[in-house]
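To start, the structure itself, in structure tokens.
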Amino acid sequence: MSALVIRPFRPADAIGISELFRRVYGDHYVSPDVYVPHMICQHHQHRHWFSMVAVLEERVVGHAALCRPAANREDAELALMAVDPALQGSQIATRLGRQLLDRCKDLGLVRLSIKQVTSHLYSQRLAQRLGFHDMGLMPDHVPSPFSATQTEAQTETIVVGCQVMGDHRRPLPDVQWPAPCQWLMAPLAAQFGTTFDDAPAPMQPLQISSLPGRIDVIAGHMSRHLARQLQRLPAHWSIAVRLGLRRQFPEDYRRLMTAGFIFTGMVPAEGELNWQALFHRGALARHLDLHAEPMQRLHDELQFHTRNWRGRQSSSAA
């Protein structure tokens, strides 16, 4: 039997990668690009993806990629992982991930993130093995690729992990973290460092978008007026907020908590060098067994807060 080979992507691999995703996920993978070999090649040509493949007897049996929206970005996401069902459990995903981590310096990458599905523990254990630090929970974030049929589609809650490469720094703002979230934020601040730099960051314009099952809100800051407007949104909406993480975080935190939201951690800001805080209102009721205790605690607090919030809404309506 031929030996397994792990190597960088070649254009001739595109069809095999697409076939691999169909074997693993059927037609339910969240990114449709993997089903179109032309798109796979185009992403590599524009240097938006840098992929490693595992090849056995000339067949693609594993894939993982570093993905970034532009070739000159210093941040990327470790994503698009798939291993042939017949070979799962043989550490192929770990080997692919480590090969990609070794390429980060040559690619000019400083910070990596990873989104881990919560319907099974493997991706969470993999992220820990690869050195990522869990930092945030994104409830009901994407359609699950593991639903039996499209008509039974479930949403997948995501754990976000991050790591900074080499001696680079991506510090958090120096903040007196509110007491209810010190248990999470103090260790992350110790891990990534903090800065007193008060130089104003580019102001993120308010963005609101409707996605399957939720409303996404992205904002640079949280004024009293904006918090009140979010509070008045329909109670049956599931609302996810990504808010610029700044030294005024305690005020932002208080305003959003008053508006019925719960803090669920932080994530790297997409395409920027700073960070965003996560808040959510109206998450689905669900039981999850998560690999990392801090993420389990975030989930349990989210569920408790959501039950209480819905109870108050029902009492007010009555």
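The values are calculated or read from the model by the stated rules, or taken from the named source; none is laboratory data. In this text the structure is predicted, and so the values were computed from the model without any measurement. Here the Cβ is made from the backbone with ideal geometry for all residues, glycine too, and neighbour counts use every protein chain on show.
Evaluation of GLU270 against the conditions (1) within 21 Å of the chain's Cα centre (by Cα); (2) farther than 19 Å from ILE208 by Cα; (3) not hydrophobic (A, V, I, L, M, F, W, C) shows that the sole unmet condition is (2). Kindly check whether there is at least one residue in region 26-37 that is of a type in the set (Asp, Glu) and surrounded by fewer than 13 Cβ atoms within 10 Å (Cβ to Cβ). Yes, region 26-37 contains a residue that is of a type in the set (Asp, Glu) and surrounded by fewer than 13 Cβ atoms within 10 Å (Cβ to Cβ).
Here's the yes/no breakdown for (1) buried (at least 18 other Cβ atoms within 10 Å of the Cβ); (2) within 22 Å of ARG111 (Cα to Cα):
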| residue | (1), (2) |
| --- | --- |
| SER223 | no, no |
| GLN231 | no, no |
| LEU245 | yes, yes |
| ASP252 | yes, no |
| THR264 | yes, yes |
| TRP275 | yes, yes |
| HIS280 | yes, no |
| PHE304 | no, no |
| SER315 | no, no |
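Filtering region 99-112 for residues that are touching a Pro at 6+ places or on another chain (Cβ under 9 Å), among the β-branched types (Val, Ile, Thr) and modelled with pLDDT under 95 leaves an empty set. No other residue among VAL142, VAL159 is touching a residue at least 60 places away in the same chain (Cβ under 8 Å), more than 17 Å from TYR25 (Cα to Cα) and in contact with a Ser or Thr (Cβ under 8 Å, 6 or more places away or on another chain) apart from VAL159. Residues that are over 16 Å from ARG255 (Cβ atoms) and assigned to a loop (DSSP other than H, G, I, E, B) within region 166-175 comprise GLY166, ASP167, HIS168, ARG169, ARG170, PRO171, ASP174, listed in sequence order. Considering the conditions (1) surrounded by 12 or more Cβ atoms within 10 Å (Cβ to Cβ); (2) more than 23 Å from the chain's Cα centre (by Cα); (3) within 18 Å of ASP174 (Cα to Cα), ALA235 is excluded by exactly one of them, (3). Is it the case that region 81-96 has a residue that's among the β-branched types (Val, Ile, Thr) and surrounded by fewer than 18 Cβ atoms within 10 Å (Cβ to Cβ)? There is at least one residue in region 81-96 that is among the β-branched types (Val, Ile, Thr) and surrounded by fewer than 18 Cβ atoms within 10 Å (Cβ to Cβ). ASP106 meets the conditions (1) in contact (Cβ under 8 Å) with a residue 40 or more places away in the chain; (2) under 18 Å from HIS168 (Cα atoms); (3) not in a loop (DSSP other than H, G, I, E, B) in every case but one. The failed one is (1).
Among the residues of region 233-243, those identified as more than 30 Å from LEU109 (Cα to Cα) and either among the polar types (S, T, N, Q) or without any contact (Cβ under 8 Å) to a residue 60 or more places away in the chain (or both) are LEU233, PRO234, HIS236, TRP237, SER238, ILE239.
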